[in-house]
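**Q** Mind looking over this structure? Questions follow.
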Amino acid sequence: MLNNFDNDKMVDRYHKLMKEILDEKLYRHSLGVAEAAASLAEHYEIDVQKAFFAGIVHDYGKHYSSSELIKKAEELDISLDRFTLQEDRLLHAPIGAALLKKELQVTDSEVLRAVTYHTTGRSGMSSLEKMIYLADYIEKGRDFSGVEKIRELAYVNFDQALLEAVEFAIKAVLERKLLLHPRSVAFRNWLLFMLREHNLG
Ligand SMILES: [Fe+2]
Ligand SMILES: [Fe+2]
């Protein structure tokens with residue numbers, strides 16, 4: 001079954017499903033991400049329904065424990081890099097995407113990529129992938145210092161806001177002495193190259 005984002009009922013169905021499956025806190029966060037992504041999509045004129053959908057399902061993997069996720073990855077023969085295997089916080093993104101496909105018949109490859117890369121980012125992300133990454137940081141439930149500035153910037157200079165978000169994320173990883181996924185470094189540098197080119201042009 002192909003996901004059809006023109007069909008409101010399909011998006012509603014997955015929204016209801018997430019409300020049932022996820023715990024209250026995770027559901028509220030997911031709804032916040034869906035709403036922030038939809039609002040950005042509307043502003044930048046990309047598919048609003050698809051952005052809402054990707055937001056509402058992006059943390060599906062989080063309702064499984066880390067050991068359950070590892071077990072599922074083995075069953076599905078998903079190969080995980082050593083950074084992801086070492087850092088529990090990264091597991092739910094790539095495995096969650098595979099489980100959305102296997103268990104909930106989500107087929108849209110861009111949505112699945114947005115879920116896969118929402119914790120690390122990657123160089124060359126599509127607009128939808130970038131929107132989910134940023135929405136995850138600025139959804140209304142987030143209250144870290146500086147979030148208000150990034151929220152406003154998101155509607156003025158999207159890539160600059162994204163750069164602020166990924167740098168915030170990288171700093172937090174360094175402060176906690178965790179492994180920094182190389183994709184996050186590539187993502188940050190890719191954004192910086194783009195912004196510099198844009199400023200020169
Ligand atoms: Fe997540
Ligand atoms: Fe999230």
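Each reported figure results from applying straightforward, stated rules to the coordinates on display, with no laboratory input. Here the structure is a predicted model, which means the values were calculated and not measured. Quick reminder, even Gly has a Cβ in these numbers, built from the backbone with ideal geometry, and neighbours come from all protein chains shown.
**Q** Cross-link partners among aspartates and glutamates for LYS50, C-alpha distance below 15 Å, same-chain residues fewer than 8 apart left out?
**A** Excluding near neighbours in sequence, the set is ASP6, ASP8, ASP12, GLU35, GLU42, ASP108, GLU110, GLU129.
**Q** Calculate log10 I(q)/I(0) of the range 8-200 for q = 0.19 Å⁻¹, where I(q) comes from the Debye formula with a single equal point scatterer on each Cα and nothing for solvent.
**A** Reported log10 I(q)/I(0), two decimals: -1.45.
**Q** Right, next: Describe numerically, in nm with one decimal, the distance between label points set 7 Å from Cα along Cα→Cβ at ASN4 and at GLU167.
**A** 4.5
**Q** Shifting gears a bit: Can you work out D for the range 23-106 in µm² s⁻¹ from Stokes-Einstein, where Rh is the Kirkwood radius over C-alpha pairs, the temperature is 20 °C and the viscosity is 1.002 mPa s? Write down the numbers at each step before the final one.
**A** Working: Rh = 13.6 Å.
D = 157 µm²/s.
**Q** Shifting gears a bit: Based on other C-beta atoms within 10 Å, arrange HIS118, HIS43 from fewest to most. It would help to have the intermediate numbers written out before the result.
**A** Numbers: HIS118 26, HIS43 14.
Going from sparsest to densest Cβ surroundings: HIS43, HIS118.
**Q** Same structure again: My understanding is that a pair violates if its Cα-Cα distance is over 31 Å; which of LYS25/LYS171; LYS140/LYS177; LYS102/LYS171 do that in this structure?
**A** Exceeds cut-off: LYS102/LYS171.
**Q** Between TYR155 and HIS198, what FRET efficiency comes out of the Förster formula 1/(1 + (r/R0)^6) with R0 = 22 Å and r the beta carbon distance, rounded to 0.05? Kindly include the intermediate steps, with their values, before the conclusion.
**A** Values: r = 17 Å, r/R0 = 0.77.
Using R0 = 22 Å, I get an efficiency of 0.85.
**Q** Something else: Based on the mean of other beta carbon atoms within 10 Å per residue, what is the order of 73-82, 87-96, most packed first? Could the numbers behind the result be given before it?
**A** Numbers: 73-82: 11.9, 87-96: 21.0.
Those peptides, ordered most packed to least, come out 87-96, 73-82.
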